[in-house]
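Input: a single structure, listed below in structure tokens.
A short reminder: the numbers here are calculations on the coordinates, not readings from a lab. All values reported here derive from a predicted model rather than from experimental measurement. So basically every Cβ, Gly included, is an ideal-geometry build from the backbone, and we count neighbours across all protein chains shown.
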Amino acid sequence: MPDFIATHATDLLSFALSAAAILVYQLYLRWRTRSDPASSAQDVMLAAREAWVASAMRERRDILAVQTLRNSTMSASFMASTAVLLIIGVLTLSAQGDKLSGTWHSLNFLGHVSAEMWLFKLLMMLFDLLLVFFAFSMSVRLFHHIGYSINVPLDREAERIQIGHVVAQMNRAGVFYRIGMRAYYFTVPLLFWLFGPLFLLGATALLIFFLYHLDRAPRSDADLMG
């Protein structure tokens, strides 16, 4: 193990820097959300889910609720199924490390080329895709439970509790969906890592730039004019 670390120090350091950059960005996003909730697209979606659940349950929009939940379930199921296919692809690549490691590292200017490092990179990608599958599977599970809860007739005395329970389940499903998408995004730097550590760092920087704009709440026309 010490020999492996010493030989592949550049690759391992680049991976640590990439993971640290993603973590620092997530901490910054949480701080920004707490200081200014209106600036976060996640907080906007939380408020939208709460309003949608309250409207669907109070006005008995059963068909609308079922159709919306069906669309969400199908989307999460598609993402989970895609993750399974990618996992199979990664396992296939891992069985051909001796043949492909040299070809994929043809643009590697800093890292050390070896079958062991190739397998380690694929293992990190495999763990990431397993997280994708788990997150979207949990999202599907929660959407399934919400389909029953949201159509239950409201009790006047417990109306707020019933709506609050469904809203909490919706937000949990949204959190798992967001985790799955974030893990999907991180597969891009991991894929570029197969070409070398410099590609990993460059892809991570571009990913954070993309996420920064994606996580910002859309500005109104008045803000754009001002």
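Which of 150, 187, 42 sits closest to the plus end of the dipole of the range 12-225, meaning its Cα is farthest towards the positive end, when Lys and Arg get +1 and Asp and Glu get -1 on the C-beta?
So the residue furthest toward the plus end is 150.
Please report the projected area of the range 12-225's Cα convex hull averaged over all directions, in nm². Show your work: numbers first, answer last.
Working: hull surface 58.7 nm².
That works out to 14.7 nm².
With the crude spin-label approximation of a point 7 Å out along Cα→Cβ, what separation in nm comes out for residue 88 versus residue 152?
3.9 nm
Return the sequence-ordered ³J(HN,Hα) values of the range 174-182 in whole Hz as given by the Karplus equation 6.51 cos²θ - 1.76 cosθ + 1.60 applied to θ = phi - 60°, using x for Gly and Pro.
Computed from phi, the couplings for the range 174-182 are x, 5, 5, 5, 5, 4, x, 5, 4 Hz.
Amide H to amide H, which residues 5 or more places from residue 216 or on other chains are under 5 Å from it, using H placed in the peptide plane?
Residues meeting the criterion, in which the H sits 1.01 Å from N, are 41.
Spelling out what I want: for every residue of the range 136-143, take phi, set θ = phi - 60°, compute 6.51 cos²θ - 1.76 cosθ + 1.60 (Karplus), and round to whole Hz; glycine and proline get x.
6, 5, 5, 5, 4, 4, 5, 4
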